[in-house]
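Peer 1: Have a look at this one before I ask anything.
Please treat every number below as a calculation from the coordinates, not as lab data. As the structure is a prediction and not an experimental result, all values here were calculated from the model. As a convention, Cβ positions derive from the backbone with ideal geometry for all residues, glycine included, and neighbour counts pool all protein chains shown.
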Amino acid sequence: MTRHFLRDDDLTPEEQAEVLALAATMKADQFGHRPLEGPRTVALVFDRPTLRTQVSFAAGIAELGGHPMTVDGGLAAMGKREGVEDVARVLGRQASAIVWRTAHQSDVEIMAERSGVPVVNALTDEFHPCQLLADLQTVQEHKGRLAGLRVAFVGDGACNMGNSWVLAGAMAGMQVSVGAPEGYWPDADVVARAREIGSGTGGSVELTHDPVEAVTAADVVVTDSWVSMGREEESQDRLRVFPPYGITSELLGHAADDAIVMHCLPAYRGKEIAEEVLEGPQSVVWDEAENRRHAQKAILMWLLERS
Ligand code: NVA
């Protein structure tokens with residue numbers, strides 16, 4: 001059976017731990033794993049802007065002995081020129097795996113059903129599971145563990161990063177508290193699923209509209225842009241409700257003294273995160289950006305070995 005990574009809970013909690021352990025091994029020995037020797041090709045398809053995802057996958061696939069083949073989603077015009085069902089079968093005949101950034105989760109699901117090779121979600125409106133593997137690897141490096149840590153996700157909890165944090169965090173046995181304005185909590189079905197998983201791992205999810213309550217005693221403070229890709233038309237409304245949720249030094253003062261601050265980037269200084277916090281001693285954002293490569297190499301190799 002071909003395995004895919006379309007959302008965080010496509011892995012079991014045990015499998016998540018396995019992939020994170022592999023990512024740590026790969027970081028320690030960056031050229032020691034060659035599952036794509038040949039070179040075998042991995043298709044990287046982007047329908048949306050990208051920096052970290054493109055460069056970390058391209059560099060990582062090269063380190064695995066493979067060839068990254070970037071496909072411009074605009075040129076391919078999927079859904080306009082031809083349907084995802086057909087593109088999936090064409091890509092699956094050329095590539096050993098497909099990595100896709102696009103808007104709709106339902107489309108990556110069709111790609112996975114039809115391509116015959118592992119498909120990795122490189123961000124949809126609903127989930128950003130590759131970022132979460134990198135984030136968990138980063139937390140593990142700085143805190144030495146995941147289970148039992150308190151995570152505050154503050155800002156737009158309804159975006160891909162909010163959904164992925166409640167799911168992946170609960171899977172890792174973390175206590176995730178989301179502080180977001182009314183209407184911006186993570187998806188209710190995702191929260192229910194995260195709580196169900198958490199009942200087996202010791203993880204939990206709390207939702208509040210109070211940013212101070214979310215951050216109080218947190219070991220890990222996370223935020224993301226208030227205006228995700230595809231939401232640009234809502235900018236004015238969002239910029240009215242989100243300012244109390246910006247990670248300032250004052251808000252961070254409610255977290256544990258040794259809390260780390262995370263942001264998947266791109267960051268908008270003075271909005272969701274203050275300049276002095278992003279550039280301050282508690283920020284681990286550049287480690288997160290680097291760990292994209294190690295974590296993604298791990299999930300690619302793990303999927304290929306099981307497919
Ligand atoms: N929530 C952000 C993540 C960017 C990596 C977005 O979807 O734009």
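Peer 1: For residue 249, state whether it is within 16 Å of the ligand (Cβ to nearest atom) and surrounded by fewer than 19 Cβ atoms within 10 Å (Cβ to Cβ).
Peer 2: Values: within 16 Å of the ligand (Cβ to nearest atom): no; surrounded by fewer than 19 Cβ atoms within 10 Å (Cβ to Cβ): yes.
So residue 249 does not fit the description; no.
Peer 1: Separate question: List pairs: first residue in segment 103-125 and under 19 Å from residue 57 (Cβ atoms) and touching a residue at least 12 places away in the same chain (Cβ under 8 Å), second residue hydroxyl-bearing (Ser, Thr, Tyr) and in a helix (DSSP H, G or I) anywhere in the structure, Cβ distance under 7 angstrom, at least six positions apart or on different chains.
Peer 2: 122/53; 123/53
Peer 1: Being in contact with a strand residue (DSSP E or B) (Cβ under 6 Å, 6 or more places away or on another chain) and among the charged types (D, E, K, R) narrows it down to one residue among 206, 276; which is it? I'd like the intermediate steps shown before the answer.
Peer 2: Details: 276 fails: in contact with a strand residue (DSSP E or B) (Cβ under 6 Å, 6 or more places away or on another chain).
Result: 206 is the single residue among 206, 276 that is in contact with a strand residue (DSSP E or B) (Cβ under 6 Å, 6 or more places away or on another chain) and among the charged types (D, E, K, R).
Peer 1: Anything in segment 1-45 that is in a helix (DSSP H, G or I) and of a type in the set (Val, Ile, Thr)? List them, or say none. So that I can check it myself, show each step before the final result.
Peer 2: Going residue by residue through segment 1-45, those that are in a helix (DSSP H, G or I) are 8-10, 13-28.
Hits for segment 1-45 are 19, 25.
Peer 1: Search segment 79-135 for residues being away from the ligand (no atom under 16 Å from the Cβ), part of a helix (DSSP H, G or I) and among the acidic types (Asp, Glu), and hand back the single one that is surrounded by the most Cβ atoms within 10 Å (Cβ to Cβ).
Peer 2: Taking segment 79-135 first, the residues away from the ligand (no atom under 16 Å from the Cβ) are 79-98, 106, 109-119.
In the following step, the residues that additionally are part of a helix (DSSP H, G or I) were identified as 84-94, 106, 109-115.
Okay, now just the ones that are also among the acidic types (Asp, Glu), so 85-86, 109, 113.
Working: 85: 12, 86: 12, 109: 17, 113: 14.
So the residue we want is 109.
Yes/no matrix, rows are residues, columns are (1) within 14 Å of the ligand (Cβ to nearest atom); (2) surrounded by fewer than 17 Cβ atoms within 10 Å (Cβ to Cβ); (3) touching a residue at least 60 places away in the same chain (Cβ under 8 Å):
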{"site": "199", "(1), (2), (3)": "no, yes, no"}
{"site": "213", "(1), (2), (3)": "no, yes, no"}
{"site": "218", "(1), (2), (3)": "no, no, yes"}
{"site": "222", "(1), (2), (3)": "yes, no, yes"}
{"site": "238", "(1), (2), (3)": "yes, no, yes"}
{"site": "243", "(1), (2), (3)": "no, yes, no"}
{"site": "254", "(1), (2), (3)": "no, no, no"}
{"site": "257", "(1), (2), (3)": "no, yes, no"}
{"site": "267", "(1), (2), (3)": "yes, no, no"}
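Peer 1: Residue 154 passes all but one of (1) surrounded by fewer than 20 Cβ atoms within 10 Å (Cβ to Cβ); (2) within 20 Å of the chain's Cα centre (by Cα); (3) hydrophobic (A, V, I, L, M, F, W, C); which number fails?
Peer 2: It is condition (1) that residue 154 fails.
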